[in-house]
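Below is one structure, written out as structure tokens; comments come after it.
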Amino acid sequence: MKPQVAFFDFTSCEGCQLNKLNFENDLLDILKHVDIVEFREAMDDKADHYDIAFIEGSITSPSCVERIHDIRRRSDILVALGSCAVNGGVNAMKNLHPIDEVRETVYGDDKYLFATLPAMAVSSVVKVDYEVRGCPMTQQDFLKLLIALVLGKQPPKYGSPVCVECKLKENECLYNRGMVCLGPITRGGCDAVCPSFGQFCTGCRGILDNPNIDGMLEVMTSHGISLDEAKKRMLLYNSNEVQL
Amino acid sequence: MECFSLLRSDVPALIDHLRDFGEVIAPHGKGDVSYSFEVVRDSSDVVLDYNRTLLPLKKMFLPPVEKLMGFSLKNESFEQVEVAIAPRVFFGVHSYEMQSILRLDHSMLSGSAESNYFKRRQSSRFLGISFEPDEFHFSESVGIVIEEMEGFDLFLNEVDGDFQLYVLTDNGQEMLNGFDKINLTEPEIVEGRHFKKKIRYHYNRLPRVFQYAYHSDVWADVASRCVGCGACTLTCPTCFCFDVHDHVEVTAEDGMRQRSWDSCMLSTFAEVAGGENFREKTINRTRHRLFRKFKYITDEEGLPWCVGCGRCTAFCPAGISMPDIVNELIQEDEKAQYHRTVRV
Ligand code: SF4
Ligand code: SF4
């Protein structure tokens, strides 16, 4: 029997899920390998058990916590999809402010009607087996993981910085063009897509393990931006990962 | 050794002439301020004055990413990629770059030869060119002068804006047959091209300095500034480490095995099964990189495995300088020696 897979979204822009619907060329091949049993963006169905559950979005409220526990119970393999699910993503910027202030800004006087939690990675609440990083995650990356799971292999892990792929493509480094790029400490696997098109890396795939944060801030400020700006850039996607 | 004069304005004609001997590969402008070796489409695009290319010429023999074989899971079969031997002319190569190819030859061809490298290396011809060292070149300190002609078939030495063309091999001679824009001349020595960056000791004293450098404080200082991007090793012309990956297509039936350049500066490089990592800290890795250039291979071959191109320094976002590290080690060694002597 083909593996039963499902997709769920939590706090996110749903961009990752939409990215999957753009698979046009590969969709038929994918459906040869798996049965999609739940996918709010494209259908509505509900099953008791999933071989693979894909989770998009971060966990930001008590009801999210309840729901993710329920999905985890019904899933053999659980995969976090995209930056929000993997580490909290841009949502986690709210964690840099007192939670009451955040609620008041968003809901005003009605703030007591809406329970909220700091924006968390899915892995902060339940066990996550695999992850697909990026904002949004890329189709290639998702497909690599899916094929590996279908074949019963370990999906690729990315432990090298974006600079590696950037260098292998012989791009002119954006630091030589007067830009400040987060490539050196950002987890690769994106084929250095942004720098290749002249856009500096904003760190959407998360920070590498054991980064040299002070060294990176020094690199950034010595290339012309203020310490404050450098920290803001680093936090954009990684408020939950970097302590500044 | 014959020497001819050649006008700068006639260089494109020479390039066009050389195309009879195969694909010509030469430096081209890239991005705002950079250069890269590319196949020549139009000889007037070739850049004669350049500091260094982003990636070394190595990329033409050991490609950054290379398919090694295709396989089919369905048929349980595989097919190795056969590299074709095609004549190529490498034009406008600096002396340190040529020296790096000779060192790579040693790394890739001694013992059991790496067959893809070997085939790409076959029927290559090289035309060298002199250069004006910038603030990063230091090849003289590792024994390579601007006019070092070893390995070249032809060499263009710039004299007062035009060139003197040296014929160094029979292949070089053959490549000039039928090219009439050159005139026999007397070789001239060019004065006034100087290396701005230097290592303070002759390179044959460096293995001794490195013998005592393993526990130096210099490594911690370098590691505190290093952000671990791998630029130094990925752009180095004498580094040759690679990784091998399998990719399966979305059909889950066909796939391929690829190899791509790897770097000992990356934290994952020395990670082995079970999660153990035998060079876990940046300090271990920065040290290892320099020991690979000035100690481990040098002890066996008697030559530094750095050619002084300056790429690792010029392309380091943190501004870490290879020759500065070596000079700091020298200074530290001098101090230690002084203390040892005084105590006696
Ligand atoms: S452009 Fe960014 S990713 Fe590319 S090499 Fe430079 S710092 Fe690294
Ligand atoms: S170690 Fe640095 S200077 Fe030496 S050959 Fe490698 S990149 Fe060039």
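Since every read-out is calculated from the coordinates, none of them should be taken as a lab result. No experiment lies behind these values; they were computed from the predicted model shown. Here the Cβ positions follow ideal geometry from the backbone for every residue, glycine too, while neighbour counts run over all protein chains shown.
Starting from the Cα of residue A:232, move 7 Å in the Cα-to-Cβ direction to define the label point; list residues of the stretch A:188-206 whose amide nitrogen is under 19 Å from there.
A:200-204
Using only the Cα atoms of the stretch A:4-151, build the gyration tensor, take square roots of its eigenvalues as a ≥ b ≥ c, and label the shape rounded, prolate or oblate: rounded if a/c is under 1.5, else prolate if a/b is larger than b/c, else oblate.
prolate
Looking at chain B as a GNM with Cα springs under 10 Å, which of B:32, B:221, B:162 has the largest mean-square fluctuation?
Among B:32, B:221, B:162, the largest mean-square fluctuation in the Gaussian network model of chain B belongs to B:32.
When only C-alpha pairs under 8 Å and at least 6 residues apart count, what is the relative contact order of chain B, in percent?
Dividing the mean separation by the residue count of chain B yields 21 percent.
Pop out the Kirkwood hydrodynamic radius of the stretch B:190-344 from its pairwise C-alpha distances, inverse of mean 1/r, in Å to one decimal.
Answer for the stretch B:190-344: a Kirkwood hydrodynamic radius of 17.6 Å.
State the three equivalent ellipsoid semi-axes of the stretch B:1-68, derived from the C-alpha gyration tensor as the square roots of 5 times its eigenvalues, in descending order and whole Å. Could you put the intermediate results ahead of the total?
Numbers: eigenvalues 115, 52, 28 Å².
Rounded to whole Å, the semi-axes are 24, 16, 12.
About its Cα centre, how strong a charge dipole does chain A have in debye, to the nearest 20, once Lys and Arg get +1 and Asp and Glu get -1 at the Cβ?
On the way: 25 positive and 34 negative charges, 103 e Å.
I would put it at about 500 debye.
Output the Cα-based Rg and Dmax of the stretch A:162-235 in Å, rounding Rg to one decimal and Dmax to a whole number.
11.4, 32
Rank A:139, A:17, A:199 by mean-square fluctuation in a GNM of chain A with C-alpha springs under 10 angstrom and give only the top-ranked residue.
A:199
In nm, give the distance between the simple-model label positions of residue B:214 and residue B:331, each being 7 Å from the Cα along the Cα-to-Cβ direction.
2.5
To make sure I understand, if each residue's beta carbon is the centre and we count other beta carbons within 10 Å, what order do B:240, B:78 fall in, fewest to most?
Numbers: B:240 17, B:78 14.
The order, fewest Cβ neighbours first, is B:78, B:240.
With the crude spin-label approximation of a point 7 Å out along Cα→Cβ, what separation in nm comes out for residue A:177 versus residue B:339?
Result: 4.9 nm between the two label points.
By the scheme Lys and Arg +1, Asp and Glu -1, what is the net charge of all other residues having a beta-carbon under 11 Å from that of residue B:151?
Numbers: positive: B:103, B:125; negative: B:97, B:105, B:148, B:150, B:153.
Combined, the nearby Lys, Arg, Asp and Glu give -3.
May I have the pair-distance distribution P(r) for chain B, computed from all Cα-Cα distances with 20 Å bins from 0 and rounded to whole percent?
Distribution as computed: 27, 53, 19, 1 percent.
Between the stretch B:155-212 and the stretch B:269-344, what's the alpha-carbon centroid distance in Å?
What the calculation gives is 28 Å, centre to centre.
How much net charge surrounds residue B:307 when only the other residues with a Cβ under 9 Å from the Cβ of residue B:307 are counted, with Lys and Arg +1 and Asp and Glu -1?
Combined, the nearby Lys, Arg, Asp and Glu give 0.
Just for the protein assembly as shown, what percent of DSSP beta bridges are antiparallel, to the closest 5?
Here the antiparallel bridges make up roughly 60 percent for the protein assembly as shown.
What residues of the stretch B:210-248 lie in the reach of a label at residue B:299, counting those whose backbone N is under 13 Å from a point 7 Å from the Cα along Cα→Cβ?
Only B:210-214 pass the distance filter.
Exceeding 31 Å between C-alpha atoms, which entries from my cross-link table qualify? They are A:231/B:198; A:144/B:293; B:196/B:281; A:232/B:198; B:198/B:281; A:157/B:197.
Too far apart for the 31 Å limit: A:231/B:198; A:144/B:293; B:196/B:281; A:232/B:198; A:157/B:197.
Could you tell me the extents of the stretch B:59-182's C-alpha atoms along the three principal axes, largest first, rounded to whole Å?
Projected onto the principal axes, the Cα atoms of the stretch B:59-182 cover 65, 39, 25 Å.
For the protein assembly as shown, what's the radius of gyration and Dmax over Cα atoms, in angstrom?
Both quantities, over Cα of the protein assembly as shown: 27.9, 92 Å.
Restricting to Cα pairs below 8 Å that are 6+ residues apart, what does the relative contact order work out to for chain A? Please round to a whole percent. Don't skip to the answer; put the middle values down first.
Values: 438 pairs, mean separation 45.0, N = 244.
Taking the mean separation of contacting Cα pairs over the length of chain A, I get 18 percent.
Report the one residue of B:25, B:336, B:118 whose Cα lies farthest in the direction of the positive end of the charge dipole of the protein assembly as shown (charges on C-beta: Lys and Arg +1, Asp and Glu -1; origin at the Cα centre).
It is B:336, whose Cα lies furthest towards the positive end.
For chain B, what is the calculated [θ] at 222 nm in deg cm²/dmol (nearest 500), taking -39500 (n - 2.57) for each run of four or more DSSP H residues and dividing by its residue count?
-8000 deg cm²/dmol
What is the local net charge at residue B:167, summed over the other residues whose Cβ is closer than 11 Å to its Cβ (Lys, Arg +1; Asp, Glu -1)? Write down the numbers at each step before the final one.
Details: positive: none; negative: B:2, B:153, B:170, B:174.
The answer is -4.
When B:268, B:53 are ordered from fewest to most other Cβ atoms inside 10 Å of their Cβ, what list results?
Numbers: B:268 16, B:53 26.
Result, fewest neighbours first: B:268, B:53.
What does a probe at residue B:13 reach in the stretch B:154-169, counting residues whose amide N is under 16 Å from the point 7 Å along Cα→Cβ?
B:162-165
Out of all DSSP beta bridges in chain A, what portion is antiparallel? Express it as a percent rounded to 5.
20
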